[in-house]
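The values are calculated or read from the model by the stated rules, or taken from the named source; none is laboratory data. It should be emphasised that the depicted structure is a prediction, and the values quoted were computed from it without experimental measurement. Heads up: the accessible areas ignore ligands, DNA and RNA and are worked out on the full protein's heavy atoms, side chains in. Shrake-Rupley method; radii C 1.70, N 1.55, O 1.52, S 1.80 Å.
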Amino acid sequence: MKRFFAPLACLVCLALAAPAAAETPNMRQSINYFMNYFNEAVVQAIQIKEQEDRDGLTEKRPYTDEFVFYQDLKARIEKSLGLALNLCDLYYIYNKTTYCFTKDEKNYLFDRLDNIMDALQKIKDTPYVGGDVALENKSGAAARQLAAFNERVDKLRAFVKSSLVVFQR
């Protein structure tokens with residue numbers, strides 16, 4: 001009976017731990033999420049450029065509010081990509097060096113994650129130059145592009161919050 005107790009206890013512990021581990025993303029899922037974020041952001045930047053070309057904003061109306069709004073949105077997409085790259089690097093490095101992190105290094109890691117999260121929120125919340133006129137039409141292309149960007153940034157922030165458990169193990 002004693003021979004079976006230890007393996008049985010291990011199986012019970014594993015069975016109970018599996019659902020908790022399944023709720024949070026692991027490092028591989030995190031890296032995949034960032035890759036999807038990059039792809040979506042690049043596709044959106046290309047769509048904005050195509051929209052500008054289609055509407056002739058660059059040649060015909062280079063300094064209208066709509067053109068300035070699109071330029072601001074593309075700059076924010078680029079900034080968010082840079083921050084997402086930093087997040088991806090942190091996740092990748094942590095995945096490779098989990099055993100090396102001291103308490104100070106973990107504090108630095110969490111501070112860096114907080115700073116990136118704050119920067120993403122500031123990028124999203126800062127008023128857009130020329131945004132009032134460009135966003136008058138709630139169903140227009142500019143409003144759709146802005147909604148897609150805001151949704152992607154919100155999902156990224158939510159993903160990072162949900163995956164912080166990975167760093168605390």
Can you flag which of Lys49/Lys138; Lys49/Lys155; Lys49/Lys74; Lys74/Lys122; Lys79/Lys124; Lys49/Lys124 are past 18 Å Cα-Cα? Lys49/Lys138; Lys49/Lys155; Lys49/Lys124
With every protein chain present, what is the per residue accessible area of segment 25-167 (1.4 Å probe, Å²)? 57 Å²
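Counting only protein heavy atoms and a 1.4 Å probe, tell me what percentage of segment 25-167's accessible area is made up of carbon and sulfur. Show your work: numbers first, answer last.
Details: 4350 of 8100 Å².
Carbon plus sulfur share of accessible area: 54 percent.
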List, largest first, the extents of the alpha carbons of segment 25-167 along their principal axes, each in whole Å. 58, 24, 23
